[in-house]
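No value in this document is a laboratory result; all are computed from the given coordinates. What you are looking at is a predicted structure, and each value in this text was computed from that prediction instead of being measured. Positions of Cβ are backbone-derived with ideal geometry, glycine not excepted, and every protein chain shown enters the neighbour counts.
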Amino acid sequence: MTVGSDLRWSGLSLSELAYRIERTEFDIYRRTPQGNHLTEAQFKEYRHNIPPERQRVIQEVETAWQAVESMGKPIDKPVVIDSAETSEALQDLKTHALDGYDVFALRAALASGIAQILSDDGDFCVVSGIHLFTANRNVVATAQSQGRLVVR
């Protein structure tokens, strides 16, 4: 990058990315004539019982993940989710309004000395001690109204 920064990713990012893609594809499929009979509760049926759709989802995930890998490098330290790390993550969940994926990704980033987070996930805006770079309109509007928005 031109400013001397590296874009880093964690393997945990794949979990989040795969879920978001599959969820979006399910919502799109439900708006088609062949999928409009599926209810929200049949998300796993979509995953398990419609092979052509599953293959399309996997292709989308692979393409997106290749893009992620090509843009950055993995974080320096491996993500270890053992008993001690899980206990500490549970404490972090009490402190920060993050979901399970986010808390482990944040812990992995901070363990590697990364405190600048690029994400559209608004949950990261509640974490002190990091700099969040985002295009999330709600986060940007809130930061602006609080006089905390920094434009670079």
### Task
Only helical DSSP H runs with n ≥ 4 go in: add -39500 (n - 2.57) per run for the chain, normalise by residue count and round the 222 nm mean residue ellipticity to 500 deg cm²/dmol.
-17000 deg cm²/dmol
### Query
Taking +1 at the Cβ of each Lys and Arg and -1 at the Cβ of each Asp and Glu, which of 132, 89, 101 sits farthest along the dipole of segment 83-145 towards its positive end, judged by Cα position relative to the Cα centre?
132
### Query
Compactness ratio of the chain: Cα Rg over 2.2 N^0.38 Å, N = residue count?
1.21
#### Entry: Candidates 51, 74, 33: whichever shows maximal mean-square fluctuation once the chain is modelled as a Gaussian network with Cα springs under 10 Å
33
## Note on the structure
Note: residue 70 to residue 86 extended length (0.36 nm per residue) minus current alpha-carbon separation gives 2.8 nm
### Message
Mean-square fluctuation check for the chain, GNM, Cα pairs under 10 Å: which of 31, 23, 107 is largest?
### Response
31
### Task
Please work out the ratio of the alpha-carbon Rg of segment 1-73 to 2.2 N^0.38 Å and round it to two decimals.
1.38
### Summary
Out of 96, 37, 131, a Gaussian network model of the chain with alpha-carbon springs under 10 Å gives the largest mean-square fluctuation to 37
### Intensity falloff of segment 71-152 expressed as log10 I(q)/I(0), Debye formula with alpha-carbon point scatterers, at q = 0.11, 0.16, 0.18 Å⁻¹
-0.32, -0.65, -0.80
